[in-house]
Amino acid sequence: MMCYAGIDLHATNSVLVVIDEADRVLYQKRLRNDLAVIFTALTPYQTTLQGVVVESTYNWYWLVDGLMEAGYRVHLAHAPALPQYSGLKHVDDQHDAQWLAHLLRLGLLPTGYIYPKAERAVRDLLRKRSQLVRHKTMVVLSLQSLLTRLTGNRLSLPRLRQLTPEGIQALVPFPEHVQSVSSSLAVLQCLEHEIHTIEGTVREAGRTQPGYVLLQTVPGIGPILAGTILLEAGDLRRFATVGHFASYCRCVGSEHVSNGKRKGAGNTKNGNKYLSWAFIEAAHFAIRYEAVIRTYYQRKQARTHPLVALKAVAHKLARACYHMLRAQVPFDLSRAFG
């Protein structure tokens, strides 16, 4: 008798449901988030278990990794794509877990990509860098705003870095303002140090990644953007076509059209926000430093909104990167923008 398991994962506990091939519930219980406890519950069904479904929540790493290392066949459910059951007046965690197992049994389960554990750490480190850069920007803008209010002058980032304790005291009138500026500069220095350290680690890790040097042949893509694209994209074989990859990078539109009229829009946020950021950044730099791409952008901009033209450049770069990584060939400007 074949059986299927679904786990509705929460922050501190999980609901485990095991069903058979006739959808009869064999096991149903709320368990604390402990691998040993979950293994104990699954052990009686291990020989006949066809798979375990875990919903893709923010905290799935520990559970999916643990189950896979224990030899279970694990499926990561793609939550936004899950078909919703209807006709039920009461829905709870037990129903959710049973529904996951039911979809697995029918072969209708939409699944997400389980990123390899070894490579996930570097990818997450790059995401941490992105968070620190946002914090740095917030600190710089706050400090510039404070000094502009007090002095009437806006200091650039290089000038902020050059401020000494004596310079701060000469610049602002009150000790409280001196303390505010000094604390912001201390936070800024700390953030820049950590960002620089992370970038060094990423560059070192990138040397062993196939495609890392290749991506840097694309105008606008340097070491950090190359690492982001390579690690966020993962195994490109999971994308059936280049269009699927461009969609995952949020480089395509999403609208509903009927009889030539726009009837609405889909979810434009579907996809990977880090890849979207990386290709928009690459597009900015490519337009600035590559004449052919700048000419392409200017032609587009003359006919449409500048943001649409920028997105068109990002779309071109995303498609080029896909083909480069699949074929392991350097960037060809004439093919991408010819």
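The values are calculated or read from the model by the stated rules, or taken from the named source; none is laboratory data. Only a predicted model underlies this, so the values are computations on that prediction, with no experimental measurement involved. No Cβ is skipped: glycine too gets one built from the backbone with ideal geometry, and neighbour counts run over all protein chains shown. Ligands, DNA and RNA are stripped out before the accessible areas are found, and what is left, the full protein with its side chains, is counted by its heavy atoms. Shrake-Rupley method; radii C 1.70, N 1.55, O 1.52, S 1.80 Å.
For the stretch 187-266, state which GluC sites (Glu not before Pro) are in a DSSP loop and have at most 15 other beta carbons lying within 10 Å of their beta carbon.
Sparse-neighbourhood loop GluC sites (Glu not before Pro): none present.
How big is the C-alpha Rg of the stretch 3-114 next to the rule-of-thumb value 2.2 N^0.38 Å, as a ratio?
0.96
Just flag the GluC sites (Glu not before Pro) in the stretch 1-110 sitting in loop per DSSP whose Cβ has no more than 12 other Cβ atoms within 10 Å.
Loop-located and lightly packed - E21.
With a cut-off of at most 14 other beta carbons within 10 Å, and DSSP calling the residue loop, which chymotrypsin sites (Phe, Trp or Tyr not before Pro) in the stretch 74-144 qualify? Please list them.
Within the stretch 74-144, the qualifying chymotrypsin sites (Phe, Trp or Tyr not before Pro) (loop, at most 14 other Cβ atoms within 10 Å) are Y85, Y113.
What are the ³J(HN,Hα) couplings of the stretch 285-292, residue after residue, when phi is run through the Karplus curve with 6.51, -1.76, 1.60 and θ = phi - 60°? Round to Hz, x for glycine and proline.
With coefficients 6.51, -1.76 and 1.60, one gets 5, 5, 5, 6, 10, 10, 4, 5 Hz.
Would you work out the charge dipole size for the chain about its Cα centre, treating the Cβ of every Lys and Arg as +1 and the Cβ of every Asp and Glu as -1, and quote it to the nearest 20 debye?
So the dipole magnitude of the chain works out to roughly 1540 debye.
Just by accessible area at a 1.4 angstrom probe, what is the order of R129, R294, R149, R24 from largest to smallest?
R149, R24, R294, R129
Rank Y45, Y61, F337 by how far each Cα sits towards the positive end of the charge dipole of the chain (+1 on Lys, Arg Cβ; -1 on Asp, Glu Cβ) and give me just the farthest.
F337
Rank these by accessible area, largest first, 1.4 Å probe: L236, L157, L108.
Largest to smallest exposure gives the sequence L108, L157, L236.
What residue among H244, H323, H193 has the largest mean-square fluctuation in a Gaussian network model of the chain, using Cα springs under 10 Å?
So, out of H244, H323, H193, the one fluctuating most is H193.
Ranked highest first by the average count of other Cβ atoms within 10 Å around their residues, in what order do 237-243, 5-11 fall?
5-11, 237-243
Within the set of other residues whose C-beta is less than 14 Å from the C-beta of V37, count the net charge using Lys and Arg as +1 and Asp and Glu as -1.
It works out to a net charge of +2.
What percentages, rounded to whole numbers, describe P(r) for the stretch 93-236 computed over all alpha carbon pairs with 5 Å bin width beginning at zero?
2, 8, 14, 13, 10, 9, 9, 9, 10, 6, 4, 3, 2, 1, 0
Give the carbon-plus-sulfur fraction of the accessible surface of the stretch 118-208 in %, rounded to a whole number; probe 1.4 Å, heavy atoms of protein chains only.
The C+S portion of the solvent-accessible surface of the stretch 118-208 is 56 percent.
Top to bottom by accessible area (1.4 Å), largest first, where do I287, I229 land?
I287, I229
Out of every Cα-Cα pair in the stretch 107-160, what percent are more than 16 Å apart?
Beyond 16 Å sits 63 percent of the P(r) for the stretch 107-160.
With a 1.4 Å probe and every protein chain left in place, work out the accessible area per residue of the stretch 3-114 in Å², rounded to a whole number.
With the other protein chains kept in place, the stretch 3-114 gives 50 Å² per residue.
Largest first and in whole Å, give the semi-axes of the chain's equivalent ellipsoid, each being the square root of 5 times a Cα gyration tensor eigenvalue.
Over the Cα atoms of the chain, the semi-axes work out to 44, 29, 21 Å.
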